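Participant: Supplied in structure tokens, the structure appears directly below.
Just so it is clear, none of the values below were taken in a lab; they were calculated from the coordinates. Everything numeric here is computed off the predicted structure, so don't read it as measured data. In this analysis, Cβ positions are derived from the backbone assuming ideal geometry, glycine residues included, and neighbour counts consider all displayed protein chains.
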């Protein structure tokens, strides 16, 4: 028992940085789990990935302006992320380009600018911090930021839950009910960028989107309603973070990739064993029920 | 019957400046039951979408006479709904309560009973808790009809309500449409089967972007009018998908 205690419990208690990392991961999972589900349902999985790259120059500019400051880097990331999302949306409406193509254009532009700024003005250590995050160095202000973002995300999702679902399921119906579809779309985009900024503190720009998409894609193979999908995704995200942190602690691996790799395992496991369309279920079906007919 | 109709004033809707609906004027009178027919690409669905406000006209207007937006009920084509979306049958039907409960309020017991009754009417009560992904095409169309029943609209705009349905489902759903008409509601349906139109729809609008004839079904569905509709469709190279097979059959 003492071994298990030392393996699974002690690190969180004995080491302050591990405890804070765990709390940060809980907050991240609460926001990212549900956001990821809506990205999957809206067929915007790759959009999350593109956006996570797009926020890089914002963070870099924030770094230039105020050094390695959490708030300035987050604010920069937020502003640039939203600009890219809105520009891409506008361009797709006024030109022949579809939204994914215009987004790809803007995010690549943004990413190149970001890398340029960092390699020109920052040391390589900083570049590594931005790319891979610093979950083990999370301090109290970062914790406040990440949990604040999780709170705002969950409250906002609760408010726009119904129209958001309706807009994914049957957009025409929402239009006939008086519309507002684009408003909810923009609110949702803001939430996506906010959560990427939060994840970027902990996991870095490259990995932030992983905690959003992998649990969401995995959850799709287990649950069949939006609320249960969100719960499953949040749980997978948190358990992956926990396991990833423990592995990185005991085996001395970088924490961000460890977390994302555990989430990937959950994803692969779900593809195999998922109750709702997993491979095993699909190709090795159980015999179906034979109901006894009642009456004539 | 009160004057609860929809008037079209010189309505034109276009995509990339190419008109899909061209200078359509006329009135769907309150309590009337009209079929909209025409060749593929004739702008029938676009006309419905303009009436419910999904697409904006770029000329002319749609006037709701004695009606509010909330009194229109729209049945989309099946392809426009995400049938793999993770939502239960009763929740999907519950969306029809939108105008009663808005964005935030929870359903009351009474409203739950409305949903249940609608599911019973379309014969889906046993599927209430299932995910919509488990429904067949016919069952899914029953679900959309149940949502319309819950919405309880004065005017029903139905886009190909019986497309790709088996005979029994078509019969059941057609029965619902006829009931709506009997209750004094206005019914406007885009249809393909001319036999169905002649048997059940007193009024008919034949269009090929422009209206060709609009009036009693017998006066509209004449060989001369159908030939004209087919001709207009074929006059537009690149988009002319010829006339409906059903129309060709009618002419021979």
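Participant: Once you average over the residues of B:203-209, how many Cβ atoms of partner chains fall within 10 Å of each Cβ?
Facilitator: If you average over the peptide's residues, the count of other-chain Cβ atoms is 0.
Participant: Mind checking which of A:21, A:233, A:96 has the largest fluctuation in a GNM of chain A, springs on alpha carbons under 10 Å?
Facilitator: Taking springs between Cα atoms under 10 Å, the residue moving most is A:96.
Participant: Please give the peptides A:175-181, B:46-52, A:57-63, B:14-20 ranked by average Cβ packing (other Cβ atoms within 10 Å per residue), highest first, as a rough proxy for protection.
Facilitator: Taking the mean over residues of other Cβ atoms within 10 Å, the ranking is A:57-63, B:46-52, A:175-181, B:14-20.
Participant: A follow-up question, please. In a Gaussian network model over chain A where Cα atoms closer than 10 Å are linked, find which of A:121, A:161, A:267 has the largest mean-square fluctuation.
Facilitator: Ranking A:121, A:161, A:267 by mean-square fluctuation puts A:121 first.
Participant: Additional query: Can you give the relative contact order of chain A as a percent, counting alpha carbon pairs under 8 Å and 6+ residues apart?
Facilitator: Once divided by the residue count of chain A, the mean separation gives 25 percent.
Participant: OK, next. From the C-alpha coordinates alone, can you work out the Kirkwood hydrodynamic radius of the stretch A:110-180, in Å?
Facilitator: The answer is 16.0 Å.
Participant: Taking the radius of gyration and the Kirkwood hydrodynamic radius from Cα positions alone, what is the Rg/Rh ratio for chain A, to two decimal places?
Facilitator: 1.03
Participant: Report Rg (one decimal) and Dmax (nearest whole number) for the stretch A:179-257, counting Cα atoms only, units Å.
Facilitator: In order Rg, Dmax, the Cα atoms of the stretch A:179-257 give 14.8, 53 Å.
Participant: Semi-axes, largest first, in whole Å: what does sqrt of 5 times each Cα gyration tensor eigenvalue give for the stretch B:59-169?
Facilitator: Taking √(5λ) for each eigenvalue gives 23, 19, 13 Å, largest first.
Participant: So what is Rg over Rh here for the stretch A:90-237, counting just Cα atoms and using Kirkwood for Rh?
Facilitator: With Rg and the Kirkwood Rh in hand, the quotient comes to 1.01.
Participant: What FRET efficiency would be calculated for the residue pair residue B:40, residue A:94, taking the C-beta separation as r and a Förster radius of 35 Å, to the nearest 0.05?
Facilitator: My answer for the efficiency is 0.75.
Participant: For the pair residue B:183/residue A:120, report the inter-label distance in nm, with labels modelled 7 Å from Cα in the Cβ direction.
Facilitator: With each label point 7 Å from Cα toward Cβ, the separation is 6.8 nm.
Participant: Here's another thing I want to ask about it. Taking a ≥ b ≥ c as the square roots of the Cα gyration tensor eigenvalues, with a/c under 1.5 meaning rounded and otherwise prolate when a/b beats b/c, else oblate, which class fits the stretch A:1-68?
Facilitator: Oblate, because a/c is 1.5 or more while a/b does not exceed b/c.
Participant: How are the C-alpha pair distances of the stretch A:200-296 spread across 10 Å bins, as whole percents from the shortest bin up?
Facilitator: Going from the shortest bin to the longest, the percentages are 16, 37, 25, 12, 5, 3, 1.
Participant: How big is D for the stretch A:10-111, in µm² s⁻¹ as a whole number, if Stokes-Einstein is applied with the Kirkwood radius of its Cα pairs at 25 °C and 0.890 mPa s?
Facilitator: 159 µm²/s
Participant: Taking each residue in A:107-115, count the Cβ atoms of any other chain within 10 Å of its Cβ, then average. What number comes out?
Facilitator: 0
Participant: Report D for chain B in µm² per second (integer): Stokes-Einstein, Kirkwood Rh on Cα pairs, 37 °C, 0.692 mPa s.
Facilitator: 174 µm²/s
Participant: Something else: Can you tell me the mean projection area, over all orientations, of the convex hull of the stretch A:16-175's alpha carbons? Units nm², please.
Facilitator: 10.4 nm²
Participant: Moving on to the next point. Going by average Cβ density within 10 Å per residue, which order do the peptides A:36-42, A:279-285 take, highest to lowest?
Facilitator: A:36-42, A:279-285
Participant: When the expected Rg is taken as 2.2 N^0.38 Å, what fraction or multiple of it is the alpha-carbon Rg of the protein assembly as shown?
Facilitator: The value comes to 1.16.
Participant: Let me ask something additional. Could you give the spread of the C-alpha atoms of the stretch B:34-93 along their three principal axes, from largest to smallest, in whole angstroms?
Facilitator: That gives 40, 32, 24 Å along the principal axes, largest extent first.
Participant: Have a look at B:25, B:90, B:68 and tell me which one the Gaussian network model of chain B (Cα, springs below 10 Å) gives the largest fluctuation.
Facilitator: Among B:25, B:90, B:68, the largest mean-square fluctuation in the Gaussian network model of chain B belongs to B:68.
Participant: What nm value, rounded to one decimal, do you get for the distance between residue A:109 and residue A:4 when each label is placed 7 Å out toward the C-beta?
Facilitator: 5.7 nm
Participant: On a C-alpha basis, how far is the centre of the stretch A:80-122 from the centre of the stretch B:172-204 in Å? Whole number, if you could?
Facilitator: Result: 51 Å between the Cα centres.
Participant: To the nearest whole number, what is the average tally of beta carbon atoms from other chains within 10 Å of the beta carbons of peptide B:81-91?
Facilitator: Counting other chains' Cβ atoms within 10 Å and averaging over B:81-91 gives 5.
Participant: Another question, then. Where q = 0.10 Å⁻¹, what log10 of I(q)/I(0) comes from the Debye formula for the stretch B:89-236, counting one point per Cα?
Facilitator: -0.44
Participant: Evaluate the stretch A:144-217: find the radius of gyration of its Cα atoms, find its Kirkwood radius, and give the ratio Rg to Rh.
Facilitator: 1.05
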